[in-house]
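Asker: Would you mind keeping the following structure in view while I ask a few things?
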Amino acid sequence: MMRAPDFRYYAARSVRDAAAALEDGGNAAMLLAGGTDLVPNMKRRTQTPALVIGLRGIGELRGVRAGGGGGGGGGGRRAGGLTLGACTTLAEVAAAPAVGRRYRALALAAGQVATPQLRNMGTLGGNLCLDTRCTYYDQSEEWRRAINWCMKAPGSNGGHACGTPDGASLCWVATSSPRCWAVSSTDTAPALIALGATVTLARVAGRRRLPLEKLYRDDGMAYLTREPGEILTAVHLPAAAGWRSTYWKLRRRGSFDFPVLGVAAAVRFATGGAVADARVVLGAVASRPLVVPEAATLAGSRLTDEAIEPVAEAAAALATPLDNTDFALAWRKKMVRHYVAGALRELRDTPS
Amino acid sequence: MSGASPPSPPSRRAVVGRRVRKVDGFKLVTGRTAFTDDIALPGLLVGRILASPHAHARIRDIDTRRAKALPGVHAVLTWKDVPRVPHTTAGQAWPEPSPYDTYLLDSKVRFVGDRVAAVAAETRAVAEEALRLIEVDWEVLPPVLDMEHAMDPGTAVIHDEPDATGIRDAARNLAGDIHTHIGDVEAGFRESDLILEREYRTPRQQHAMLEPHIVICWLDADNRLVIRTSTQIPFHVRRQVAMILRIPVSRIRVIKPRIGGGFGGKQEMVLEDLCAALTLASGRPVKLEYSRHEEFFMARTRHPQILRLRMGVKRDGTIVAHHMRVLAATGAYGSHCTTVQGNTGSKVLPLYRAPHLRFDCDVVYLTTPQAGAFRGYGCPQGYFAQESLVDEIAHELGMDPIAFRLKNAIRQGDVDELSAQLGEGKKGLPRTIRSCGLPECLEKGAAAIGWKEQRNGGVRRPGRLLRGVGVATTMQGSGIAGVDFAGAFLKANEDGSFNLQVGATDLGTGSDTVLAQIAAETLGVSLDKILIYSSDTDFTPFDVGAYASSTTIISGGAVKKAAEKVRDDMCCFAAQLLDAPPEDLVCRDNRVFAPGGKSVSMAEVAVHALYKEKTQVMEGASHFNTDSPPPFCATFAEVEVDTETGRVRPVHLVTAVDLGVAINPMQAEGQAEGAVAQGLGYALAEELVLDGRGRPANANFCDYKIFTAKDMPKLTTILVETEEPLGPFGAKSIAEVGINGVAPAVANAAFDATGLRFRRLPIRPDAVLAALGGRR
Ligand SMILES: Cc1cc2nc3c(=O)[nH]c(=O)nc-3n(C[C@H](O)[C@H](O)[C@H](O)COP(=O)(O)OP(=O)(O)OC[C@H]3O[C@@H](n4cnc5c(N)ncnc54)[C@H](O)[C@@H]3O)c2cc1C
């Protein structure tokens, strides 16, 4: 059994308390929600915070409540919506009636993360902030030592709690590349971006709210735009009237596996049946979730195969899978097309 | 969901043939302390191994001074500190047919994960800190990772040490080879109307048993070395450790507690020698175990093979000649190398009664994780190839694949002469088929899968989801003829219970239950009257161990003999109480009956023997067979192929198996179903991937894909019972045979659905899609 290194644990009592601890802890501190991502990383010594700040005891971070959905990019529909606390477990999210059919992509994505046990522990906030993954990174310390480390986890003595590059060598996926290509593997982020979600980040100095899409950066190491002292406290969904959504996950097995590809699609139909608005977001094919801009071309169409095909094609062109996860990359790129087309056809063919 | 077969025909047996609960089930489901690790020893140290980061390297120098100086460290061992005794880690009867090419610790490493040094310390953290303080001066050598080029001139020599023995040609990295034939295949091919030649490739599969390897060693009050270990082979371990550490067998006691699975991975001395050495060096109890990560590449794998098969048939479907050529990789060391590969020939080719057979096989060393014994023992590779090829030939001839198989399959009364040529490491014994339920397996299996209705015919139809069905027929053995043997010991207690002591090794297979059933049936007592204990080299008789599907037939045979002797003894004492001749007495329902109906309880007989006659009723017996009766199996698969993703999804798997008489049908079904789960992993998902430098890329359960409950298709298991004269109560075996046919049945079903042949395992969606695309 691999064991976690020694660390100090602080069970925060409130967001304010946690934010203060996080600020005090500086680079050596990390947040822990369900721990299903952070703890395995600590065992593998890819993340070695000296101070772990527990969020699970903070009641205000848990639960799903109506309202609060306005904010980023919701068009004229700012009222209503839904707010989900960052520490709501994935099992709770998947089962919440308020999520259910209205935000179906989210329910499907949350319900397909890992295994039932992990969904009972893992949280929505932890899933959104999930560390990026790579064949050369998600390995034991001995294994990584043997390849002389990589830039995302350069040695065990780096004290790089938040993935800051120091003593970096290179990226084994693309050895001439100046950047890290680890893959964004969160299931819920593509779904939530497609649903137009915004998030609240809190720190000692105050709060800010930004579209979820803006939380991510195309860099396997600094994959979040979250500032060091910030805590993700809530996810806000705009009102869902008129929208239909789905999430297609490609993985090898029916359980357990991280996505090899995630496709979230959301479409709003105007009265009369034509598409008023459409979004397609890809997961697990880059260091961040990828919004497919060509989805906008679906507006006005009736989601015919002819309308779908160029969008699927564009999505496949956008995806840049690399040789650092399961399956041949050419195949994964091909799957993007099928999955995007399949997801959109499903939205067309399922009655609302 | 599993559909069980109808219950076995009513018989007068009270215990054998019944679906009784596992004798150790209760303690397992209630989490009682049963396993190797479930013991607390004062002063226990934790052992850790420094694993090689290089696939191939020489240790120019190794400095352990800083590690030894670390507080809490009690022993640090390198090759300089231990005896150098060439040996094999294969758990096989002496003299082992595997090369002696392995050393407790060596100045050379031959794969990523090979032993460099070992440490025993007070805590795991200290032990790991000590490992980091060991300084190694490496001379890195070129890795040898491709089996097709391992024998090329100029390739680095993996075993260049002078003291290894039994290697076929070390200078060419050739661990062993096998060349044997019956008839004249070339003449056979000249007589053939159709000849097909195809190549097949199989991956490195890992056992992925629930409990990784673990050993705890200590010195007892008499200074004897006690080895408590999760092993399938306690008696071989005792002999091997004695040899490697140069201590007498009498100074060693091996205890095998309950085991959490092995699948052949524990038919091998993996950690016992090193843990014992750490105990001797420190004088303290030491625990040495693999983490799951280490288990994947520092334990054993299935041998990857490249098989080239050439088969010639007559137009009427009669197989005339079959030539199988195998290239296999044993990895860094040669344990089981020629025996596993020998089985690829000897247990596969004779399934079809061709007059001309030829088997040529090279087993090469690579600087990769070590291969070893694994459920099926060479047969899953051989049957994947053979059953794919005969399917293709049947298709070419326009014959029904079942009819083709039935026409050619070995049958009752046949003598398989190839087995005589291919013993384990030496000449073997011919195999006479005394029981064969294969036709019935095919018939019942075909009905269960819906063979006639579900067959698509190997043509590509339009549509996204394509369905098809496939079949494979296979056999295995029941013990190694003339090699495997076992002892059993029974004694009577005054309450009518009996202690049954066996060296047999229940590794989760349920053999404790089956052996207790055999004793209970023979003695005419209920199952709760048998107190089975397995195994402890001090207290239980010798048994070669749990492998080669031998336990029910070989250890069971010994139990039956011992129980018969004890029954006869009990009857002699009962005769005194019943005033009737002992030979007229019958034991049943925990009583002994005289012809007139008068009876005494077993307890009364036992009390009489003990306290009146001052005699402990106790008997031992040994057993071996000069033949290895094969169980037969027909595996049917229905699959769905997604032409957009290339994914092959198993829909329904049917296993119809002739296992002789099922001693415990419930457990037999469990074995068959488990074999299907492991076989599906082999067919579709499992593969230990090594990168360009020989490092494992997916040594964890997230990335190494075993089938999960959610991935399992509908299962149907049909037990086809035959009476095997050589087996106790007619039993043969069930533990291995079920895995052999899964991959070929799936591949044949995928062909039936798409018209495409898949000759490389695992059948990955990316490869399937590429093939599908190529046809469009
Ligand atoms: C076997 C296995 C399979 C898995 N499969 C999947 C899968 O299929 N799909 C998938 O998406 N994930 C998968 N995961 C990853 C993980 O279980 C989930 O992503 C889970 O949702 C993480 O949530 P958590 O609360 O446990 O996160 P934690 O481990 O507690 O935290 C994860 C990261 O987020 C940070 N963090 C947590 N909460 C906050 C917050 N409120 N504000 C700011 N930062 C925060 C932490 O510091 C840490 O860096 C798998 C994990 C395992 C072990």
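The values are calculated or read from the model by the stated rules, or taken from the named source; none is laboratory data. Model, not experiment: these values are computed from the prediction. No Cβ is skipped: glycine too gets one built from the backbone with ideal geometry, and neighbour counts run over all protein chains shown. Side chains included, ligands, DNA and RNA excluded: accessible areas come from the protein's heavy atoms. Shrake-Rupley method; radii C 1.70, N 1.55, O 1.52, S 1.80 Å.
Asker: From the mean inverse distance of alpha carbon pairs (Kirkwood) and the Cα radius of gyration, derive Rg over Rh for the protein assembly as shown.
Answerer: Computed over Cα atoms, the ratio is 1.00.
Asker: Next question, about the same structure. Using +1 at the Cβ of each Lys and Arg and -1 at the Cβ of each Asp and Glu in the stretch A:243-349, identify which of A:Ala330, A:Ala307, A:Ala296 lies farthest towards the dipole's positive end.
Answerer: A:Ala330
Asker: Sticking with this structure for a sec: Given the whole protein assembly as supplied and a 1.4 Å probe, what does the accessible area of A:Cys150 come to in Å², nearest 10?
Answerer: Counting only protein heavy atoms, A:Cys150 exposes about 10 Å² to solvent.
Asker: If you take every DSSP beta bridge fully contained in the protein assembly as shown, what fraction is antiparallel? Give it as a percent rounded to 5.
Answerer: Roughly 75 percent of the beta bridges in the protein assembly as shown run antiparallel, per DSSP.
Asker: May I pose another question? Among B:Gly398, B:Leu210, A:Val99, which residue has its Cα furthest toward the positive end of the charge dipole of the protein assembly as shown, with +1 on Lys/Arg Cβ and -1 on Asp/Glu Cβ?
Answerer: Farthest along the dipole direction, towards plus: A:Val99.
Asker: What is the total of Lys pairs in chain A with C-alpha atoms under 22 Å apart, excluding same-chain pairs fewer than 8 positions apart?
Answerer: Counting lysine pairs in chain A gives 4.
Asker: Could you work out how far apart the two model spin labels at B:Asp589 and B:Glu613 are, taking each label as a point 7 Å from the Cα in the direction of the beta carbon, and quote it in nm?
Answerer: 2.4 nm
Asker: Can you compute the modelled spin-label distance between A:Arg65 and A:Ser169, with each label point 7 Å from Cα toward Cβ, in nm?
Answerer: Each label point lies 7 Å from its Cα, and together they span 5.1 nm.
Asker: Further, regarding this structure: Sorted from largest down, what three extents in whole angstroms do the Cα atoms of the stretch A:172-263 have along their principal axes?
Answerer: Principal extents (Cα only, largest first): 40, 36, 21 Å.
Asker: Here's another thing I want to ask about it. Using a cut-off of 13 Å between alpha-carbon atoms, which aspartates and glutamates can reach B:Lys598, once sequence neighbours fewer than 8 places away in the same chain are excluded?
Answerer: Correct list for B:Lys598: B:Asp579, B:Asp584.
Asker: Can you give the charge dipole size of chain A about its Cα centre, rounded to the nearest 20 debye, using +1 on the beta carbon of Lys and Arg and -1 on the beta carbon of Asp and Glu?
Answerer: Its charge dipole is roughly 620 debye.
Asker: Right, something else. Relative to the present Cα-Cα distance, how much length would full extension add between B:Arg190 and B:Thr626 at 0.36 nm per residue of separation?
Answerer: Between B:Arg190 and B:Thr626, full extension yields 153.3 nm more.
Asker: Give me the three principal axis extents of chain B from the C-alpha atoms, as integers in angstrom, largest value leading.
Answerer: The principal-axis extents, from largest down, are 85, 72, 47 Å.
Asker: Over the stretch A:1-112, consider all pairs of different Cα atoms and compute the Kirkwood hydrodynamic radius from their mean reciprocal separation; express it in Å, one decimal.
Answerer: Every distinct Cα pair counted, the radius reaches 16.0 Å.
Asker: Shifting gears a bit: In the structure shown, do any of B:Lys266/B:Lys561; B:Lys22/B:Lys565; B:Lys27/B:Lys561; B:Lys314/B:Lys732; B:Lys347/B:Lys732 have a Cα-Cα gap over 22 Å, and if so which?
Answerer: Where the Cα-Cα span goes over 22 Å, the pairs concerned are B:Lys266/B:Lys561; B:Lys22/B:Lys565; B:Lys27/B:Lys561; B:Lys314/B:Lys732.
Asker: Could you size up the charge dipole of the stretch A:243-349 around its Cα centre, putting +1 on the beta carbon of Lys and Arg and -1 on that of Asp and Glu, and report it in debye to the nearest 20?
Answerer: Roughly 300 debye for the stretch A:243-349.
Asker: Given a cut-off of under 8 Å on Cα pairs at least six residues apart, what relative contact order in percent is computed for chain B?
Answerer: For chain B, the relative contact order is 16 percent.
Asker: Please compute the contact order of the stretch B:646-776 in relative form: average sequence separation of alpha-carbon pairs under 8 Å and at least six residues apart, divided by the residue count, as a percent.
Answerer: 42 percent
Asker: While we're on this one: Which one of B:Ala447, B:Pro631, A:Gly273 is farthest out on the positive end of the charge dipole of the protein assembly as shown, using unit charges on Cβ (Lys, Arg +1; Asp, Glu -1) and the Cα centre as origin?
Answerer: The residue sitting most towards the positive pole is A:Gly273.
Asker: Okay, next question. Relative contact order, percent, of chain A when contacts are C-alpha pairs under 8 Å separated by at least 6 residues?
Answerer: That works out to 16 percent.
Asker: Can you compute the helix-only [θ] at 222 nm over the protein assembly as shown? Use -39500 (n - 2.57) per DSSP H run of at least 4 residues, normalise by all residues, nearest 500 deg cm²/dmol.
Answerer: Result for the protein assembly as shown: -7500 deg cm²/dmol, rounded to the nearest 500.
Asker: Taking the simple approach of a point 7 Å from Cα along Cα-to-Cβ for both A:Thr350 and A:Ala276, what is their distance in nm?
Answerer: A separation of 2.0 nm, rounded to one decimal place.
Asker: Further question: Going by average Cβ density within 10 Å per residue, which order do the peptides B:660-668, B:126-134 take, highest to lowest?
Answerer: B:660-668, B:126-134
Asker: Something else now. Which percent, to the nearest 5, of DSSP beta bridges fully inside the stretch B:173-307 are antiparallel?
Answerer: 75 percent
Asker: Where both residues lie in chain B, what percent of DSSP beta bridges are antiparallel, nearest 5?
Answerer: 75 percent
Asker: Then there's this: Which of the lysines could a cross-linker span from B:Lys68 if the Cα-Cα distance has to be under 21 Å and same-chain partners fewer than 8 positions apart are dropped?
Answerer: Of all the lysines, those that pass the test against B:Lys68 - Cα under 21 Å, at least 8 places apart if same chain - are B:Lys80, B:Lys287.
Asker: Let me ask another. Take the alpha-carbon centre of the stretch A:90-158, take the same for the stretch B:214-229, and report the distance between them in whole Å.
Answerer: After rounding, the separation between the Cα centres reads 43 Å.
Asker: Next question. Return the whole-Å distance between the Cα centroid of the stretch B:338-363 and the Cα centroid of the stretch A:181-201.
Answerer: So the two Cα centres are separated by 55 Å.
Asker: Given 4 °C and 1.567 mPa s, how large is the Stokes-Einstein diffusion coefficient of the stretch B:251-293 in µm²/s, with Rh as the Kirkwood radius over Cα pairs?
Answerer: 107 µm²/s
Asker: Please compute the Kirkwood hydrodynamic radius of the stretch A:243-349 from all pairs of different C-alpha atoms, in Å with one decimal.
Answerer: It works out to 13.8 Å.
Asker: Can I ask one more? Test of the criteria: in the stretch B:414-450, which trypsin sites (Lys or Arg not before Pro) are in a DSSP loop and have at most 16 other Cβ atoms within 10 angstrom of their Cβ?
Answerer: Listed in order of number, the matching sites are B:Lys426, B:Lys427.
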